[in-house]
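All of the numbers you see were taken from the coordinates with simple rules; none came from a lab. This is a predicted model, so every value here is computed, not measured. Every residue, glycine as well, gets a Cβ built from its backbone with ideal geometry; the counts of neighbours run over all protein chains shown.
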Amino acid sequence: MPIIKVENLTKHFGPVAAVDGIAFEVEKNSIFGFLGPNGAGKTTTINILCTLLSPTSGKAAIDGHDCMTRSSEVRKKIGIVFQDTTLDKELTAYENLSFHAYLYGVPKDLHKKKIDAALDFIGLYDRKDDQVKKFSGGMKRRLEVARGIIHEPAVLFLDEPTLGLDPQSRANLWEFISKLPEKSGVTVFMTTHYMEEAEICNRIAIIDKGRIIVNGTPEELKKMVGGDVIYLKTTNNKLAAEELKKTMGIGAEEKNGELFIQAVRGDACIPKLISSLADMVLSVRLQRPTLNDVFLKLTGKAIRDEAQGSGDELKDSIRSYRKKFDKK
Amino acid sequence: MSTDLNAIYVIVARELIKFVREKGKLVSTLARPLIWLFLVGGGMSRVVSPDMGMPYMQFIFPGILGMTILFSSIFSSISIIWDKEFGFMKEMLVAPVSRFSIVVGKALSGTLVSTIQAVIILLLFPVIGLKIDAVQIPLIVFMCMGLAFCLASLGILIATFYENFESFSVIMNFIVMPMFFLSGAMYPVKTLPPALGLLTMLNPLTYGIDALKYMVFPAKGGLSLTHDFSLAVDIAVIAVCSTVFVLIAGIMFERKK
Ligand SMILES: Nc1ncnc2c1ncn2[C@@H]1O[C@H](COP(=O)(O)OP(=O)(O)O)[C@@H](O)[C@H]1O
Ligand SMILES: [Mg+2]
């Protein structure tokens, strides 16, 4: 039985259809990626699934419990890392996790053990008594993920968990997230608008303007845009192309001083190419299609829009500025 | 149920930790009642005729306690606006706890913080020449807590309608000052014209201050100018208002967009 089941879900904000009749299922213990540009309806979908919003129509259920009518059952099953941070920056890392443990009814004698283990897992144990306002963006994000799993939820929602992080912390966080299903037995539902991050997902749904335009494994999606491309540099490109046509029946074109060959399984093809060309080969390069190519093909536009991260940082600093002055 | 008690406990604990960490705030909130008691009360006592049976500064003492509680309880609900603004409210709203425990937890935090402040003001009674027995003190503190809970829940109820700080603080100032003046804190309710008298009777603070007068001046129970209602009415009104405010606020929190 799928752990998340969504049928014909719709959410209107006035005239805007933020979510427009989507349906999907998520299998237990997998990582499901919800991929789409800003404004596609990812956060709205998460808010409905985690009982904060009620849909205009359609159904959503987690572990068999309806998200609208059985909210308290659903709330027990889920952990969430929201798009904007929801930590209390005045409290310490330990206090934030402890608050959460109380709120979710984690037995008291387990609090210290679990919180310490979680802090250790995310590498923040020695910072546990520091106020969260002293943490970097990446540390806060990891702390939120740790908080999200401290009550052992069945499903963990991650809404753009790496937004605004530097590449290093982003890579760390992904490594951490990809271990979660195995290590904590949790199903991960994550959204992102970074295509390359979606590679760790078992399944991906691409959403645009409130509609799911495709749903499949990363491999399946990439097959939609054709196979791999191999670029070859040889001592004599013309001769090499003729040789390939004669011995392997492969058509190779010359482009910018390189031979350009299309293949379904490029990695398996390379050894044969090299052996048939003997010592003419100078260098080989394999290019696989990316999810970005998939998105481009399906919607006719690129997904990328990097500006948002810095926009959020700006919003954050305005807020803390206002907080400082308004409170007086 | 025990999850809800845990939730209430931890919401209160969080607010107290933050209260203790922000020491400057305590000083600034205590400044207002002190100014009213000594400057306004002291100044007015020369003007007001002394036929109420006690110096004016003593007469307004329960009102000053009420004022301390009014401001700090109602404004404690600002923490809800901050929690909305900084996202922490979502952390509470997705938790498997009843919305009422969130409201009660927040109201109790406001109650504790403002009772602490009221007690500090209360301990100034010898300075203004008032005599209060040791047995009266727990009663006064208890009444302060009741009134604080009622006003904190009112603040939370109002806060559920607002998303940002600006509009909330405008409405709060619009509510808090009239509540203070129409409460019998500074003058007996009976001396007001009927139209204003009616407004006073709709104000929960009136009953809280009236009850505090019973506890601060037990010997003068029959004094016509100090009491406006019976103590039973005072306590009943506070209890009913608290319940109604908490219920409506809880329902407002449950409502999804
Ligand atoms: N509370 C709201 N009120 C009005 N419009 C909203 C609200 N939340 C989201 N929207 C609109 O719904 C659409 C989807 O938004 P969202 O779910 O946040 O997208 P994403 O998370 O994929 O970036 C956007 O057009 C956004 O402007
Ligand atoms: Mg979003």
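Computed values, structure above
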| quantity | calculated |
| --- | --- |
| Length gained when the stretch A:Glu242-A:Lys133 is fully extended (0.36 nm per residue, less Cα-Cα span) | 32.8 nm |
| Which listed pairs, of A:Lys245/A:Lys301; A:Lys114/B:Lys18; A:Lys140/A:Lys301; A:Lys183/A:Lys272; A:Lys28/A:Lys140; A:Lys76/A:Lys209, have C-alpha distances above 29 Å, in listed order | A:Lys245/A:Lys301; A:Lys140/A:Lys301; A:Lys183/A:Lys272; A:Lys76/A:Lys209 |
| For segment A:227-287: relative contact order, % (alpha-carbon pairs under 8 angstrom, 6 or more apart) | 52 percent |
| Relative contact order (%) - chain A, alpha-carbon pairs under 8 angstrom, separation at least six | 19 percent |
| Average partner coverage of A:52-61, which counts Cβ from other chains inside 10 Å | 1 |
| Rounded to 5, percent antiparallel among DSSP beta bridges of the protein assembly as shown | 65 percent |
| ³J(HN,Hα), Karplus 6.51/-1.76/1.60, whole Hz, each residue of segment A:40-50, x for Gly, Pro | 6, x, 5, 5, 4, 4, 4, 4, 5, 4, 9 |
| Other protein chain Cβ atoms within 10 Å, averaged over every residue that makes up B:65-78 | 0 |
| Over segment B:2-254: Kirkwood hydrodynamic radius from C-alpha pairwise inverse distances, Å | 18.7 Å |
| Centre separation in Å (Cα based) which lies between segment B:1-34 and segment A:117-138 | 24 Å |
| Phi-based couplings in Hz for segment B:139-144 (Karplus 6.51, -1.76, 1.60; Gly and Pro marked x) | 5, 4, 4, 4, 5, 4 |
| Top of A:Leu52, A:Leu173, A:Leu221 by mean-square fluctuation, Gaussian network on chain A, Cα under 10 Å | A:Leu52 |
| Loop-located chymotrypsin sites (Phe, Trp or Tyr not before Pro) in segment A:118-152, at most 15 other Cβ atoms within 10 Å (DSSP) | none |
| FRET E, pair A:Lys179, A:Thr235, Förster distance 56 Å, beta-carbon r, rounded to 0.05 | 0.75 |
| GNM top mover of A:Ala241, A:Ala93, A:Ala61 - chain A, alpha-carbon springs below 10 Å | A:Ala241 |
| Beta bridges per DSSP with both ends in chain A, % antiparallel, nearest 5 | 65 percent |
| Sequence-distant residues sharing a close amide H with A:Phe189 (under 5 Å, placed H) | A:Phe32, A:Leu156, A:Phe157, A:Leu158 |
| Longest site-free stretch - chain B; sites: GluC sites (Glu not before Pro), DSSP loop, at most 13 other Cβ within 10 Å | B:23-162 |
| Simple spin-label estimate for A:Arg265 and A:Met224 in nanometres, 7 Å along Cα-Cβ | 2.4 nm |
| Gyration tensor over alpha-carbon atoms, the protein assembly as shown, equivalent ellipsoid semi-axes in Å | 66, 22, 20 |
| A:Glu253-B:Val244 pseudo-label distance in nm [points 7 Å out on the Cα-to-Cβ vector] | 7.9 nm |
| Within segment B:1-62, trypsin sites (Lys or Arg not before Pro) in DSSP loop having at most 16 other beta-carbon neighbours inside 10 Å | B:Arg46 |
| In sequence order, calculated HN-Hα J values of segment A:25-34 (Karplus, 6.51, -1.76, 1.60; Hz; x Gly/Pro) | 10, 10, 7, 4, 6, 10, 10, 10, x, 10 |
| Lys, Arg +1 and Asp, Glu -1 on Cβ, resulting dipole of chain B about Cα centre, debye, nearest 20 | 280 debye |
| Coil-residue trypsin sites (Lys or Arg not before Pro) of segment A:155-229, DSSP, other Cβ within 10 Å capped at 16 | A:Lys209 |
| Out-of-range pairs (alpha-carbon distance over 29 Å; input A:Lys5/A:Lys223; A:Lys59/A:Lys113; A:Lys5/A:Lys89; A:Lys128/B:Lys23; A:Lys5/A:Lys133; A:Lys5/A:Lys128) | A:Lys59/A:Lys113; A:Lys5/A:Lys89; A:Lys5/A:Lys133; A:Lys5/A:Lys128 |
| Relative contact order %, chain B, counting alpha carbon pairs below 8 Å whose residues are six or more apart | 25 percent |
| Options B:Phe86, B:Leu212, B:Val240, ranked by Cα towards positive dipole end of chain B, top entry (Cβ charges) | B:Phe86 |
| Fluctuation leader among B:Pro204, B:Pro178, B:Pro194 - chain B, Gaussian network, Cα springs under 10 angstrom | B:Pro194 |
| Peptide B:82-93, shielding by other chains (average Cβ, 10 Å cutoff) | 6 |
| Cβ charges +1 (Lys, Arg) and -1 (Asp, Glu), total dipole of the protein assembly as shown, debye | 620 debye |
| Segment A:144-164 and segment B:150-202: distance between their alpha carbon centers, rounded to Å | 42 Å |
